[in-house]
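K.L.:
Here it is, the structure, as structure tokens.
The values are calculated or read from the model by the stated rules, or taken from the named source; none is laboratory data. The shown structure was predicted, so the numbers you read here are calculated from the model rather than taken from an experiment. For neighbour counting, all protein chains shown are included, and Cβ atoms are generated from backbone atoms with ideal geometry for every residue, glycine included. All accessible areas refer to the heavy atoms of the entire protein, side chains included, with ligands and DNA or RNA removed. Shrake-Rupley method; radii C 1.70, N 1.55, O 1.52, S 1.80 Å.
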Amino acid sequence: MRRPRARSRAQDWQLGPMVLALSIAVLAACSTPKRSVYYQDDGPPDRVPADIASIPDATPRIEPINARNSRPYTALGRSYAPLAGDVPFRQRGLASWYGKQFHGNRTASGEIYDMFAMTAAHPTLPIPSYVRVTHLRNGRSVIVRVNDRGPFKHDRVIDLSYAAAAKLGIAGPGTGEVELERITSAQIASGEWRRGAIETARAAEPPATPVALAAASAPAAAVPISASSGSGSNWSVQLGAFSQQANAEAFAARASALLGLVDAAELPAAQRAPRIESDQGLYRVLVGTLPDRPTALDLALQLERILGRPASLVVR
């Protein structure tokens with residue numbers, strides 16, 4: 001497969017003449033790996049650790065469920081009801097992964113995303129919970145800890161950390177058909193999950209060390225320019241900007257899910273609904289339409305505190 005040509009930061013972030021970007025924060029998005037376009041907005045680490053195949057799986061333990069992440073929510077126009085109770089769960093479908101653009105970002109659980117940890121995002125499994133993920137083509141299996149929400153594309157069932165994807169053998173292609181099996185608290189307490197892990201390990205091929213892929217182009221981030229107040233009257237907070245519409249949609253869905261967890265008293269409904277606007281080849285994910293810079297700045301700082309990443313201001 002022909003690798004995509006890396007674009008420079010200047011090429012991917014040339015701002016339109018009517019836009020002022022003031023660097024304050026940028027929430028990184030959950031990308032949508034689509035082979036040749038995937039690495040334009042996210043990608044693998046600059047250097048793949050030589051021992052990545054030896055990173056141990058997550059060790060299941062009984063943990064209290066995060067009540068805030070157990071409430072129903074909406075993303076990309078679809079409603080999701082998180083699973084309740086210590087019940088079995090199996091699912092087959094397409095797994096994807098998210099990488100360096102999100103490394104260090106806050107997850108739905110409030111924890112920081114580490115692309116080298118054995119974690120995952122799932123739309124409805126309890127947070128936290130543990131899942132055995134098996135690659136249906138090569139038989140490899142890993143155990144991950146679910147601590148985030150996503151993916152929100154209809155054909156994806158789980159977003160893996162880069163380390164988990166590498167161990168399964170899907171870091172290169174970007175996606176792979178998998179089966180998910182939840183490890184319940186009852187199985188953890190009885191030790192049953194360990195017996196399943198031993199059986200799976202005997203049947204699976206030893207994981208191969210992944211090959212580093214072509215360097216991704218610079219992730220979408222606001223370019224700091226003049227700090228003037230601007231002449232426009234419509235201010236918005238920019239959470240991210242992408243060269244691919246699908247990636248902007250996936251990011252907006254993740255941001256919407258995270259903001260939906262915030263109490264209404266802390267963040268009004270009008271300021272928790274990201275929208276996508278196309279601007280000279282970029283798809284910008286924006287929040288709010290505000291009358292002046294101070295008001296927009298207050299919202300940007302609030303979103304930074306909630307989401308744990310920088311944002312930017314845009315005026316038109």
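K.L.:
Averaging sequence separations of C-alpha pairs under 8 Å and six or more residues apart, then dividing by the length of the stretch 100-141, give the relative contact order as a whole percent.
P.N.:
So the answer I get is 23 percent.
K.L.:
Determine, from the Cβ-Cβ distance of Q280 and Q302 and an R0 of 30 Å, the FRET efficiency 1/(1 + (r/R0)^6), rounded to the nearest 0.05.
P.N.:
About 0.60, to the nearest 0.05.
K.L.:
At what distance in nm do the modelled label points of I112 and T74 sit from each other, each positioned 7 Å from its Cα along Cα→Cβ?
P.N.:
Placing both labels 7 Å along Cα→Cβ, they lie 3.4 nm apart.
K.L.:
Next question, about the same structure. Pop out the ³J(HN,Hα) list for the stretch 105-111 in order, Karplus 6.51 cos²θ - 1.76 cosθ + 1.60 with θ = phi - 60°, rounded to Hz; leave Gly and Pro as x.
P.N.:
Going residue by residue, I get 7, 7, 8, 4, 6, x, 7 Hz, with x marking Gly and Pro.
K.L.:
In sequence order, what are the phi-derived ³J(HN,Hα) couplings for the stretch 116-125 according to the Karplus relation 6.51 cos²θ - 1.76 cosθ + 1.60 with θ = phi - 60°, rounded to whole Hz, with x for glycine and proline?
P.N.:
Taking θ as phi minus 60°, the curve returns 9, 9, 8, 10, 7, 10, 9, x, 10, 5 Hz for the stretch 116-125.
K.L.:
Per residue, what accessible area does the stretch 118-197 have, given a 1.4 Å probe and all protein chains present, in Å²?
P.N.:
28
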